[in-house]
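*Asks:* Please read through the structure below; I'll follow up with questions.
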């Protein structure tokens, strides 16, 4: 990672999040053959294998976004926290991020 980009990352927890986001693409060679070989029940018969997987993944994404919309981060910050820590987040008080 270039030095200019490294200076923008506040701490190791944020660096971990960026690494975790890229992990599914790193191991794509492991899960892609399964997606190509397996059918999604009911959807693949109706739409075909690839379109069935596309619709299935889109429905999962919509459900995840809807669940995030229903969460109140002020009432339960642990529900939205992706990296174990103090619950303040990377840039908040006590989170180890830059002050401003």
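*Asks:* Given the conditions (1) touching a helix residue (DSSP H, G or I) at 6+ places or on another chain (Cβ under 9 Å); (2) at pLDDT 60 or above, report the number of the one that residue 91 does not fulfil.
*Replies:* The failed condition is (2).
*Asks:* Checking the conditions here, which among 84, 41 is at pLDDT 85 or above and not in a helix (DSSP H, G or I)?
*Replies:* Details: 84 fails: at pLDDT 85 or above.
After applying the criteria, what remains is 41.
*Asks:* Follow-up question, since we're still on this one. Taking the residues in segment 16-30 that are modelled with pLDDT of 85 or more and part of a helix (DSSP H, G or I) as candidates, determine which candidate is surrounded by the most Cβ atoms within 10 Å (Cβ to Cβ). Give the steps one after another, and end with the answer.
*Replies:* Step one: of segment 16-30, the residues modelled with pLDDT of 85 or more are 23, 26-30.
Okay, now just the ones that are also part of a helix (DSSP H, G or I), so 23, 26, 28-30.
Details: 23: 9, 26: 9, 28: 11, 29: 8, 30: 9.
Filtering first and then ranking leaves 28.
The values are calculated or read from the model by the stated rules, or taken from the named source; none is laboratory data. As the structure is a prediction and not an experimental result, all values here were calculated from the model. When we count neighbours, we look across all protein chains shown, and the Cβ atoms used for this are built from the backbone with ideal geometry, even at glycine.
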